[in-house]
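K.L.:
My questions will all concern the structure given below.
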Amino acid sequence: MLRFFAYALLIAATAGCSSSEGIDINNPQVAEDHSLHDAIIAAARKARPSGPSPAAYRKLALEIESLRPRLDAELTDLSERKLVFLAVPSLLQIADLPPAEQAEKLALTVWPTALRVPPEPKETAAHYLERVC
């Protein structure tokens, strides 16, 4: 019985190798996916050296947002994980500030991404919060 499973596993493992089609590594979609993946990772890395801040987070969010129309489901998930993960240090940086100051710093930086409501051009934090609420 064990021998049967070993043979079945061997056949299953080598079945894909006998395909005459192969894997097209020159497929433009594959190249595009890799370049978009690299762009997401590069944007996340760029956000780190300056240190965590709501302003740096907003810059990252805008960069990822510019890529969003070209992202497939897998890359969208990756970008969402990066945005969530990198929001935490920005939030912790201002955790000791009074609530009014936190709101002022987060309203036009982190919250637009979390709420999926972009701020209007030249909108103040107070106007943004009033419009969103």
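K.L.:
Could you order Leu108, Leu36, Leu62 by accessible surface area, starting with the largest, using a probe radius of 1.4 Å?
P.N.:
Largest accessible area first, the residues go Leu62, Leu108, Leu36.
K.L.:
Sticking with this structure for a sec: For the range 89-133, taking Cα atoms only, what is the radius of gyration to one decimal and the Dmax to the nearest whole Å?
P.N.:
In order Rg, Dmax, the Cα atoms of the range 89-133 give 10.3, 29 Å.
K.L.:
Quick one: length gained pulling Ala103 to Phe85 fully straight, 0.36 nm per residue minus the C-alpha distance?
P.N.:
4.5 nm
K.L.:
Something else: So how compact is the range 43-131: Cα radius of gyration and Dmax in angstrom?
P.N.:
My reading of the Cα-based Rg and Dmax gives 13.2, 40 Å.
K.L.:
Check the straight Cα-Cα distances from Lys105 and name the lysines below 19 Å, setting aside those fewer than 8 residues away within the same chain.
P.N.:
Hits, sequence-local ones excluded: Lys59, Lys122.
K.L.:
Can you give the accessible area of Asp77 in Å² (nearest 10), computed on protein heavy atoms with a 1.4 Å probe?
P.N.:
For Asp77, solvent-accessible area is about 80 Å².
The values are calculated or read from the model by the stated rules, or taken from the named source; none is laboratory data. Predicted, not measured: the structure shown is a model, and the values here were computed from it. Ligands, DNA and RNA are stripped out before the accessible areas are found, and what is left, the full protein with its side chains, is counted by its heavy atoms. Shrake-Rupley method; radii C 1.70, N 1.55, O 1.52, S 1.80 Å.
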